[in-house]
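S.K.: Below is the structure I would like to discuss, written out as structure tokens.
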Amino acid sequence: MRESRRTKHVHLRFSIRSGLEVVVPVGFDRDAIPALLEEKARWIERAEREVEAQRALLDSWPHDRLPEKIELLAVGETWGIDAMSTDARRMSLREHAGHRLAVSGPIGEAARWRSALKRWLADKAGAELEPWVEREASTHRLRHGPVTIRWQKTRWGSCSRRAAAAKPVLSLNAGLLFLPPHLVRYVILHELCHTTRMDHSPAFWRRLERIEPAAEALRRELRSAWRFVPSWLEAQLPARLPAQLPAQLPAQPMAAAVLTAPQRFDSAAGRT
Ligand SMILES: [Zn+2]
């Protein structure tokens, strides 16, 4: 229960976070509350069921929740996220000591924090993967052109040549950051090896196996590597929405969401 100066009425409302909330005008006679709740018992019961349904849905909807941490297996780092909801229009991300990432702004808007985190991850991927490519390239004496980092849904990397004489461009998926290092290394070696052969011919695999004898096993292991990529990266709708849900999900699953239009009724005792 809380008192509010801004109201002259008693309000009942439910939120996912705090359950039933009773807002009363300042100076309201608290003894009158049980009787009021009794009067609204059926409404409360219905709202309670709705809240339960919404909670269950949110639990099965992890990708619209700002993650608490980001585990980057590729580089052995776990970043803890400190979220702060502000009414700024822009999302801001700041790195702090001890691998903490402060995320502030409209954190209830999944699309905003998702794209901010993806930008941060792409920058990080560039900073980590480009030198990694350089190291492998110089170890194995393979020449390549620029390295680009992109978010891709179907491939971990690619190698292409814009013109016959140009150095091949390596494109790497920013999502590689989530993979264990041995698989990242495999992708890098695979793409670097394409600088000598642009196909998947037996000659290509022989070349790749000369620098990585376990290439075949690694290639198979990579097939199931998408499971390392967290689901919050993509906005997806669940296959089916429960019938009792409102057309729109709460815009701010992190904050209290009013599920039912707050029911308002005059209370004799509350009138000033
Ligand atoms: Zn290939």
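A short reminder: the numbers here are calculations on the coordinates, not readings from a lab. If you're wondering where the values come from, they're calculated on a predicted model, not measured in any experiment. Every residue, glycine among them, receives a Cβ derived from its backbone with ideal geometry; neighbour counts consider all protein chains shown.
S.K.: Would you mind ranking 178, 204 by Cβ crowding within 10 Å, fewest neighbours first? Show your work: numbers first, answer last.
M.R.: On the way: 178 23, 204 16.
With the fewest neighbours first, 178, 204 line up as 204, 178.
S.K.: Note down the relative contact order for region 63-231 as a percent, whole number, built from C-alpha pairs under 8 angstrom at least six residues apart.
M.R.: On the way: 247 pairs, mean separation 30.4, N = 169.
Worked out over region 63-231, it gives 18 percent.
S.K.: Less than 16 Å apart at the alpha-carbon level, and either on another chain or at least 8 residues along: which lysines does that give for residue 69?
M.R.: 118, 124
S.K.: Label region 146-236 by shape, choosing from rounded, prolate and oblate, from the square roots a ≥ b ≥ c of the eigenvalues of the Cα gyration tensor; if a/c is under 1.5 it is rounded, and otherwise prolate applies when a/b is larger than b/c, oblate when it is not.
M.R.: oblate
S.K.: Report, by chain and number, residues whose modeled amide H sits under 5 Å from the one on residue 152, excluding near sequence neighbours (fewer than 5 apart, same chain).
M.R.: 174, 175
S.K.: Could you tell me what percent of the DSSP beta bridges with both partners in region 63-231 are antiparallel, to the nearest 5?
M.R.: Antiparallel bridges make up about 55 percent of those DSSP assigns within region 63-231.
S.K.: Continuing with the same structure: What aspartates and glutamates does residue 8 reach when the alpha-carbon gap must be under 13 Å and sequence neighbours fewer than 8 apart in one chain are set aside?
M.R.: Leaving aside aspartates and glutamates fewer than 8 places away in the same chain, those within reach of residue 8 are 29, 266.
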